[in-house]
Amino acid sequence: MAVPIEAGSQPLPTAKITRAEWGLILVLVAIQFTHMVDFVIIMPLGGRLMRELSLTEGQFAHIVSAYAWAAGVASLLASFVMDRFDRKSVLLTMYAGFTLSTLFCGFAAGYELLLVSRTLAGAFGGTAAVALMAVIGDVFPPEKRGRASGAVISSFAVASIAGLPAGLMLAEWFGRGAPFVALAGLSVLVWVLAWVKLPPIRGHLTAERPNRWAEFAEVVSNRGYLGAFAFSFFLVLGTFTVASFIGPYLTAVNDWTEGQLSQIYFVAGVCTLLGMTVVGRLADRLPRLGLFRVLGSAALVMALVVTNLPPGPLWVAVIVMSGFMVAAAGRMVPVQALLLGVAKPKNRGAFMSVNTSVQHAATGLAPLIAGALVTIKPGVAIGYPNVGWVAAGTAAISLVLAGVLKPARADKSPLDAVNSVEPASRAIAPVAAEETVVEVAG
């Protein structure tokens, strides 16, 4: 008896990424890198900020959480308008706002200004991240999205490896605002590079679309989309319940210093970067649904291992942390490619906006759940294994919900016009009426 095969989970023909496409990927990676460094740098700077700005623990918690909640709300609001504009214009506008907000963080002299600056940075950065993933979905055909998504997602590992140590050194040498000022300066350079390299992306504008409310209703009422949103929520919730208290837990049970924790995160970040590169290639060669379920099962097991890790030598924690981070981050590569394939081209931007807001909501909720379950004091950590069981449960739910991800019709890339140019003549190849002819600088 013939067994029906799910198209979205099947391996796609291997396609070589062109030089122009690699240039775009590097630009998108640079944008995401600055965004991720801005997101993670605030946490290791907590002690210095609380001391120098006389912040209470509650005030610092508000500063950290404001970023995620603002990103979630802004990305949701962006779902009303994002698909009505050129992707490049949206991305550059939001990234410019992110750059200015990050600069304001560097000059914030008190709690109120820092809170407002972090809120704005989260709002602009979160919306820019949505626009960035929509660009990948529109520019890269299905058989290349795994590698493109993997490269962009790996920015988190690069931020952990290079961004955090560099930021902490700048704060030590020049003060608490130096990391934000330096990051804003780097973002200006990246913005200019993106303005030069990114092509106009307007192919999605040719589709006839409803009004804003009807468009939003179309996205949130689509049963397939709702299943994808639930999948994203449980996937992210489990990861961040563990991650939010893993540092305090390891410090409490082992009496380690921040320097020793930095070693763990550095090695784990390197392993994650290498692992995600491999997973990105596998995602373009193997069934993505099956690949996710393998990595998702591994992440489930590693969540239980890391939350039950007893006191021991540093190298054991390095191995366990590396395994957890590689599995947890690696599974996001096939997931991102699957999610991009779920949305129809005409409302992909709206879909990614809502999906990102759902993920930010999970990111904001996860520490609250973990904080209600654990009690961590010097030498004592109670309840962290319970966090592992919560993470395992949400991971199991995500493994089941992955089956609801159904691919939409494959669409063409606006880079097809560039890739079809004959090297000798550099003549522009004819394209269909609904496609956009793109010029890529460089």
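Go over the candidates L103, L168 one by one and state the one that is over 26 Å from V196 (Cα atoms), in the same structural domain as V40 (by TED's automatic domain parsing), assigned to a helix (DSSP H, G or I) and of a type in the set (A, V, I, L, M, F, W, C). When all the criteria are applied, what remains is L168.
Per-residue answers, yes or no, for (1) buried (at least 24 other Cβ atoms within 10 Å of the Cβ); (2) of a type in the set (S, T, N, Q):
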site	(1), (2)
G290	no, no
V301	no, no
L304	no, no
T307	yes, yes
L314	no, no
I319	no, no
M325	yes, no
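Only one of the numbered conditions (1) assigned to a helix (DSSP H, G or I); (2) surrounded by fewer than 22 Cβ atoms within 10 Å (Cβ to Cβ) is not met by R176, and that is (1). For M169, the criteria (1) surrounded by fewer than 16 Cβ atoms within 10 Å (Cβ to Cβ); (2) at pLDDT below 75 hold in every case but one, which is (2). Residues that are assigned by TED's automatic domain parsing to the domain that holds V404 and modelled with pLDDT of 85 or more number at least 2 in the following helices (runs of 4 or more DSSP H) confined to region 241-358: 258-283, 288-307, 314-330. If you go through region 380-401 one residue at a time, do you hit one that is under 21 Å from V320 (Cα atoms), at pLDDT below 75, more than 25 Å from the chain's Cα centre (by Cα) and not assigned by TED's automatic domain parsing to the domain that holds A148? For region 380-401, residues under 21 Å from V320 (Cα atoms), at pLDDT below 75, more than 25 Å from the chain's Cα centre (by Cα) and not assigned by TED's automatic domain parsing to the domain that holds A148: present. The set of residues in region 154-199 being of a type in the set (K, R) and more than 12 Å from I31 (Cβ to Cβ) consists of R176 alone. Residues considered: Y111, Y95, Y67. Of these, the only one that is hydroxyl-bearing (S, T, Y), buried (at least 23 other Cβ atoms within 10 Å of the Cβ), modelled with pLDDT of 85 or more and farther than 22 Å from P200 by Cβ is Y67. Looking at T127, is it under 21 Å from the mean Cα position of the chain (by Cα), modelled with pLDDT of 90 or more and either within 22 Å of I201 (Cβ to Cβ) or assigned by TED's automatic domain parsing to the domain that holds W191 (or both)? Spelling it out, it is not the case that T127 is under 21 Å from the mean Cα position of the chain (by Cα), modelled with pLDDT of 90 or more and either within 22 Å of I201 (Cβ to Cβ) or assigned by TED's automatic domain parsing to the domain that holds W191 (or both).
The values are calculated or read from the model by the stated rules, or taken from the named source; none is laboratory data. Remember, predicted model here, so these are calculated numbers, not experimental data. Backbone-built Cβ (ideal geometry, glycine too); neighbour counts: all protein chains shown.
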